[in-house]
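Have a look at the structure below, then the notes.
What follows is calculated from the coordinates using simple rules that are stated; it is not laboratory data. Since this is a predicted model, take the numbers as computed values, not measurements. Ideal geometry is used to build each Cβ from the backbone, glycine not excepted, and the neighbour counts take in all protein chains shown.
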Amino acid sequence: MYLVVEGHGEVRAASNLVTRLWQDLGRPTPWSEPIRCRSLERREGLTKAAELVRCKRDVAGLLILRDEDDACPKMRGPEAAAWLRALELPFPTALVLLHREYEVLFLACAGELAGRPLRGDDGQTRPGLLPGTRFVGDPESVRGVKEWLSERFGSSRAYKPTFDQLPMTRMLNLQTLRVAGPPCFGTLERALGFLGQAGAGQVYPPAP
């Protein structure tokens, strides 16, 4: 299975999240090292990413994960899926748009992440969200989630995706995300379920 992402910080963070969800579904197929590609919001960039994976051997499936800042995923998702469908790829493909950005998942779990230090691969810890931090409302309604997080990291430092995305992702509780119900997380789970069952050339989201 292959994963394509946009951001540098998402390479490892999204890989951690997707692998955990995949295991939760009871799927044994391993995931390859994520690939970072640019301009995934454009047909040319999406096509380039898909064709890059087409050249790989033994591709069981492809998941493309990107942010969708302002446009409606219900419109942009099917449009981009049609571009992928036209490529007639020899493996199933799923496209997931995180509205508005990857960090929306942290808002849904802010209460559980609050007060917990972030541990890097070097073994060192850094302060995370301040104790008592909570988020109430629709996580996908917030513009500037990174700024929201930075304001609640305290005065010592700001949120930095390259340092903080992975350790915060590791602390995400999948069941909490399911209960909180950000639509993009539900889409991600459905997309993985699709990849576990679909055949060559099939694309998620399906044609309307």
Problem set entry | Value of [θ]222 nm, deg cm²/dmol, for the chain, DSSP H segments ≥ 4, -39500 (n - 2.57) each, nearest 500 | -12000 deg cm²/dmol
Problem set entry | Residue among 180, 71, 94 with the largest mean-square fluctuation in a Gaussian network model of the chain, springs linking Cα atoms under 10 Å | 71
Exercise. Where is the GNM fluctuation largest for the chain (alpha-carbon springs, 10 angstrom cutoff): 52, 118, 97?
Worked result: 52
Problem set entry | Cα-based Rg / Dmax (Å) for the range 90-148 | 14.8, 49
Exercise. Anyone know which of 70, 138, 121 comes out most mobile in the 10 Å Cα GNM of the chain?
Worked result: 121
Problem set entry | 122, 69 arranged by Cβ crowding within 10 Å, fewest neighbours leading | 122, 69
Problem set entry | For q = 0.13, 0.26 Å⁻¹, Debye-computed log10 I/I(0) when each Cα of the range 104-179 counts as one equal scatterer | -0.34, -1.42
Problem set entry | Taking the convex hull of Cα positions in the range 22-129, its mean projected area over all directions (nm²) | 9.2
Exercise. Rg/Rh for the chain: what does it come to with C-alpha atoms and Rh from Kirkwood?
Worked result: 0.97
For this session: Arrange the following residues from fewest to most other Cβ atoms within 10 Å of their Cβ: 150, 141.
Result: 141, 150
For this session: Identify all lysines with a Cα-Cα distance to residue 48 below 16 Å; exclude those on the same chain that are fewer than 8 residues away in sequence.
Result: 56
Exercise. Which ordering of 74, 146 is given by a fewest-first count of other beta-carbon atoms within 10 Å?
Worked result: 74, 146
Exercise. Considering the range 155-208, what Rg and Dmax in Å follow from its alpha-carbon atoms?
Worked result: 15.9, 51
